[in-house]
1. Subtract the Cα-Cα distance of Lys128 and Asp8 from 0.36 nm times their separation in residues, and report this length gain in nm to one decimal.
2. State the answer as a single residue: which of Ser72, Gly85, Ala158 lies farthest towards the positive end of the charge dipole of region 6-170, with beta carbon charges of +1 for Lys and Arg and -1 for Asp and Glu, about the Cα centre.
3. Among the lysines, which fall within straight-line cross-link reach of Lys4, defined as a Cα-Cα distance under 26 Å, with same-chain neighbours fewer than 8 residues apart omitted?
4. Select from Gly385, Gly345, Gly52 the residue whose mean-square fluctuation is largest in a Gaussian network model of the chain (Cα-Cα springs shorter than 10 Å).
5. Tally Lys/Arg at +1 and Asp/Glu at -1 over every other residue whose Cβ is under 14 Å from the Cβ of Asn361; what's the total?
6. Relative to a virtual label point 7 Å from the Cα of Glu323 in the Cα→beta-carbon direction, which members of region 180-206 show backbone nitrogen distances below 16 Å?
7. Nearest 500 deg cm²/dmol is fine: what mean residue ellipticity at 222 nm does the chain get from its DSSP H runs of n ≥ 4 alone, each adding -39,500 (n - 2.57), divided by its residue count?
8. For Leu57, what charge total do you get from the other residues with a beta carbon under 13 Å from its beta carbon, if Lys and Arg give +1 and Asp and Glu give -1?
Amino acid sequence: MAWKTLDDLDLNGKVALVRVDINVPVENGHITDTTRIDKIVPTIKDILEQGGKPVLLAHFGRPNGKYTAELSLKQLVPALESAFGTTVHFAEDCIGSPAKRAVAALPDGDVLLLENTRFHEGEEKNDKALAAGMGALGAVYINDAFSAAHRAHASTEALARVLPCAAGRLMEAELKALEAALGNPARPLTAVVGGAKVSTKLDLLGNLVAKVDRLIIGGGMANTFLVAQGVSVGKSLAEHDMADTVRTIIEKARRSGCEIILPTDVVVAREFKAGAENEVVGVDHCPDDAMILDAGPETVERIADVFATSRTLIWNGPLGAFEIAPFDRATNAAAAKAAELTEAGDLISVAGGGDTVSALNKAGVASKFSYISTAGGAFLEWMEGKELPGVAALGG
Ligand code: AMP
């Protein structure tokens with residue numbers, strides 16, 4: 001791997017600028033989910049143990065280049081202190097004299113948080129002068145914000161070109177998991193792509209059919225694939241105008257030797273609501289007044305067989321309308337099978353993307369997957385085969 005890790009740096013006595021993602025959800029002044037803060041703890045502890053001085057750089061919300069009191073990072077200081085178990089100091093700016101003074105005054109063993117990088121217009125413009133201002137504060141740059149790595153911003157890209165740099169522990173874990181899943185995977189390699197629409201996942205599908213051995217399509221997007229093959233899907237969610245695009249994807253898959261797996265039976269209902277009356281029908285028997293809301297049991301069995309004969313699995317998107325029971329059954333059952341195979345050491349399973357994480361959490365198996373990426377946009381862009389500027393800069 002081209003990038004360095006914390007193991008490759010000598011941090012003793014050095015100021016380490018650490019780009020983190022602590023863009024946590026806040027409602028009425030309370031943090032409703034501290035996952036992002038919890039995930040950077042190993043990196044901060046590691047730097048402190050090495051005798052380094054962590055100085056955190058982060059964005060918060062979308063202030064569009066202007067100071068916005070509600071988006072000050074100061075409000076996160078207590079949560080960071082309890083997560084790190086240290087005092088966290090705060091500087092009113094991420095460059096200039098307030099930042100310099102706070103860095104100079106930082107006691108050993110403590111952490112310094114700098115104000116929201118996005119209060120500067122230059123942040124989202126990847127401005128070199130802003131990066132130089134940040135770079136002047138420290139001796140090394142550590143990027144631990146994989147979830148922000150798809151954006152070329154001053155604190156995620158330009159700064160990596162100013163100072164010696166390395167990946168933090170979270171970034172390292174994410175990159176290793178992704179490399180194991182798609183860079184150099186154990187084969188057969190299977191992907192599950194589900195969710196609502198083909199149109200939002202075109203790049204994803206295009207990249208995957210060229211790389212994976214089997215592609216399982218689920219959710220609303222499977223309906224669009226069925227339509228492209230002349231199957232009637234009644235009132236189901238389907239993008240009828242995407243039929244040609246789907247046929248192109250199917251042809252690309254055929255040329256690459258990628259097997260596309262579609263539902264053979266489906267769960268249909270007349271209402272989109274929890275507990276709606278439903279039945280299982282063959283895929284070409286969806287009544288005209290019904291909609292497909294989940295994959296059926298025969299399809300789930302087939303998916304389980306495909307998983308059992310795969311060595312690596314990469315998953316984005318639910319197999320059905322998983323938020324409302326009983327249309328979560330296929331997603332839950334397939335997720336449980338993937339978890340069981342992973343626990344037995346037979347499968348490397350990597351999943352990510354907003355809805356996928358909540359679907360796997362809901363199925364109660366997220367912790368059993370080899371790796372769950374909470375990185376949202378960055379995870380999807382990586383699955384689409386795009387270069388992530390924040391990662392590329394680390395290897396430069
Ligand atoms: P996405 O954000 O593209 O991953 O799509 C996730 C959404 O697709 C979830 O809200 C699911 O409820 C929805 N979904 C999955 N399957 C279906 C389906 N057969 N009909 C309608 N919505 C679905």
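Coordinate-derived values only; no laboratory data. From a predicted model like this one, the values you see are computed outputs, not experimental measurements. Quick reminder, even Gly has a Cβ in these numbers, built from the backbone with ideal geometry, and neighbours come from all protein chains shown.
1. 40.6 nm
2. Selected residue: Ala158.
3. Lys4 reaches Lys14, Lys39, Lys45, Lys53, Lys125, Lys128, Lys176, Lys386.
4. It is Gly345.
5. -2
6. 195-197
7. Mean residue ellipticity, 222 nm, calculated: -10000 deg cm²/dmol.
8. Value of the local net charge: -4.
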